[in-house]
Each structure stands twice: as C-alpha cells, then as structure tokens.
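The values are calculated or read from the model by the stated rules, or taken from the named source; none is laboratory data. Predicted model only: the values in this text are computed from it and were never measured. Neighbour counts run over all protein chains shown; Cβ positions are idealised from the backbone, glycine included. Heads up: the accessible areas ignore ligands, DNA and RNA and are worked out on the full protein's heavy atoms, side chains in. Shrake-Rupley method; radii C 1.70, N 1.55, O 1.52, S 1.80 Å.
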Amino acid sequence: MNENEDKRDPAGPAEPRAVPPHNPYPVVLEGQPALVTGANSGIGKAVALGLAASGADIVINYIADLPAAEEIAHAVEAKGRRAVVIKADVSNEAEVQAMFAQAISHFSTLHVVVTNAGLQRDAAIDEMTLEQWNKVISVNLTGQFLCAREAVREFKRRGVVQGVSRAAGKLIMMSSVHQEIPWAGHANYAASKGGIMQLMRSIAQELAPYTIRVNGIAPGAIRTPINRAAWATADAYRDLMTLVPYKRIGEPEDIARAAAWLASDFSDYVTGATLFVDGGMTLYPGFATGG
Ligand code: NAD
C-alpha cells in the first residue's frame with residue numbers, strides 16, 4: 001500500500017462528533033447571578049457576556065437602546081444562561097432601587113455586581129459648565145455609590161452560601177487609568193474616577209469582615225464608543241500608541257476576563273485592589289527612553 005493511498009473506512013466516516021465551541025472562561029460562576037450596569041455597549045456588554053460564559057445568569061442594565069440590550073440578552077441565552085433586561089438611570093436613586101428589587105425578585109439574589117456605566121462631558125476647566133460637571137459626577141460616581149449600596153444590602157442580607165462562593169458577594173467598580181493619571185480637559189471625568197478609587201477602597205475596608213469583596217478595574221485605552229476619536233483613524237491610533245507600551249489598543253474582552261477573575265473565587269483573597277488593565281499605560285511611557 002502506498003503512502004498516498006486512501007486509508008479511510010470504505011463504509012464512510014463515522015458521524016462527526018459535535019465539538020462545543022471553545023469557551024476561554026472557566027465555568028465557575030454557576031448559581032451566582034450577576035448585574036452589570038451600562039451592559040448594552042462596549043465594556044459592559046463584554047463583561048456581561050464574559051460572566052455568562054463563566055456560568056452566571058445576567059441582569060443587563062441599560063438606559064438607552066433597548067434593541068442592543070435585548071441582543072445581548074439573546075447572546076447570554078445562547079450560552080445557556082438566563083438573562084433579564086432592566087432599564088434604569090444609575091444616577092436616579094428610585095430607579096436604582098427598583099432595578100435591584102426587580103433583579104432580586106427575578107433571580108432570587110445577586111452574587112456579583114459590576115458598576116460599569118459611565119460617560120464623559122469634556123471641557124477646558126474654565127469653560128466647563130456646572131451641568132457638565134454634575135452629569136459626570138452623578139453618573140460615574142454617585143451612580144456607582146447608589147448601585148454599590150443596593151448590592152451590599154443584598155450581599156449582607158443573604159451572606160455566604162456554602163458551595164456557591166467563599167464570599168457573600170463580589171462588587172466590581174469600573175474605574176479608569178485616570179484615577180491615577182491627570183487628564184487635562186477632562187477634570188470632571190478624572191475627578192469621578194479618583195473618587196471611585198477611594199469609594200471602592202473605603203467600602204472594601206468596611207465590608208471585608210462581612211466576607212464581601214470590593215475591587216476596581218482601571219482600563220487603559222479600550223476600543224469602545226466612548227473613545228472612538230482616539231482609535232478610529234490611523235493617525236489617531238498612531239498617536240494613541242505613544243501612550244501604550246504594549247503597542248495595541250485594549251479590547252472589551254480584556255476587561256471582561258479581568259472582571260470574570262475578580263468575580264470568581266480564584267481572587268478570593270483580593271479586596272480593595274485596583275486591577276490596571278492598560279497595556280502599561282500607567283508605566284510613564286514618556287520615561288521609557290531614560291527620561
Ligand atoms: P460606552 O459608552 O460603550 O458604555 C457606557 C455605558 O454606560 C453605555 O451603555 C451607556 O448607555 C451607559 N450609561 C451612561 N449613562 C448611564 C446612566 N445614567 N444609567 C445607566 N447607564 C448609563 O463606553 P465604555 O468604554 O464601555 O465605558 C464603560 C466604563 O468603562 C465607563 O465607566 C468608562 O468610564 C470606563 N472606561 C472606559 C475606557 C475606554 O477606553 N473605553 C477606559 C477607562 C474606563
């Protein structure tokens with residue numbers, strides 16, 4: 001028999017076995033419903049899908065664009081998880097409370113809350129209106145406070161569930177490299193993210209005795225609608241890369257993988273930490289050649 005001869009069974013190949021699509025996430029969040037704010041777009045969308053791939057049922061919060069939120073709910077369901085879509089403005093106390101009540105009644109409880117919703121209203125400091133200032137602070141900072149408070153109330157009420165997670169709850173707060181790096185022309189945004197850092201650390205300190213873990217994620221430049229101007233053209237992308245030692249823009253999935261880890265027991269001894277997911281943006285790249 002020559003090497004090139006067909007050695008297949010003349011009866012034909014066996015029935016091909018269904019190969020499940022590769023899931024890069026360890027499935028460790030089963031029985032741990034998760035709520036993600038601003039989950040209909042960008043980082044929030046990727047986090048919702050990443051937590052679903054990790055086994056969690058998902059509450060998808062949105063404020064605008066119901067079809068986008070519903071599309072994400074279908075994608076969660078396609079992963080074999082349950083999803084519910086809830087509209088709420090995170091800066092509105094009554095709407096946040098109603099959202100948590102609905103989410104908890106739907107899934108019985110919540111184990112993971114990702115306070116992600118955020119926006120920018122950029123202006124030079126001498127041209128910044130009080131409305132621009134208030135809008136950013138009320139969504140980015142007060143919104144995270146309102147959602148964190150409701151999450152903690154539920155985590156404390158329920159406590160640790162043996163066999164589900166070692167923690168009574170995991171709160172993940174979306175910050176930014178601008179909790180650290182000053183940002184001219186974006187003082188309201190940088191102030192909101194600096195505020196999130198100390199909000200996160202203070203409540204992590206307060207809640208550790210309750211076995212509740214609170215951590216932050218500080219993304220660098222991630223390819224989402226919020227910063228399209230920074231990556232959409234070749235010139236803008238080249239300029240952006242001067243700030244990123246790792247020489248690529250971040251993708252929303254980079255943040256989703258960090259969130260899945262912080263939500264899981266793999267990070268059980270981690271609380272009060274900010275995980276920088278920034279390709280080295282906070283490494284002072286201007287000093288790379290000696291300074
Ligand atoms: P995005 O604009 O795609 O997403 C922001 C989401 O927040 C949207 O779904 C928006 O509808 C929602 N939102 C805005 N106001 C809301 C409100 N009042 N109530 C409920 N939802 C509201 O941008 P993104 O890049 O995905 O941003 C997500 C988070 O990541 C933000 O907190 C942002 O500050 C942070 N972040 C992003 C980057 C980046 O490079 N993209 C970097 C650092 C931090």
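Quick notes on this one:
- The residues of the chain present an accessible area of 51 Å² per residue when probed at 1.4 Å with all protein chains retained.
- Under 30 Å between alpha carbons - lysine pairs in region 132-258 that sit 8 or more apart or on different chains: 6
- Amide H contacts under 5 Å for residue 273, placed H, 5+ residues apart: 216
- Kyte-Doolittle mean at least -0.5 and Cα axial length at least 27 Å: DSSP H helices in the chain: 187-207
- Residue order for 58, 226 - accessible surface, 1.4 angstrom probe, largest first: 226, 58
- In percent, rounded to a whole number, the relative contact order of the chain is 18, using alpha-carbon pairs under 8 Å and six or more apart.
- Computed over region 203-266, the alpha-carbon pair-distance distribution with 10 angstrom bins reads 19, 37, 23, 17, 5, each value a whole percent.
- Looking at the chain alone, DSSP beta bridges between its own residues are antiparallel in about 0 percent of cases.
- Here's the list of lysines a cross-link from residue 45 could span, going by alpha-carbon distance under 18 Å and ignoring same-chain residues fewer than 8 apart: 79, 87.
- If the convex hull is drawn through the Cα atoms of region 128-252, its volume per residue in Å³: 134 Å³
- Between residue 246 and residue 166, the FRET efficiency from the beta-carbon distance, with R0 = 30 Å, is close to 0.40.
- Placing a pseudo-label 7 Å from each Cα along the Cα-to-Cβ vector at residue 101 and residue 87 gives an inter-label distance of 1.8 nm.
- The convex hull drawn around the Cα atoms of region 27-278, when projected onto a plane and averaged over every direction, covers 13.2 nm².
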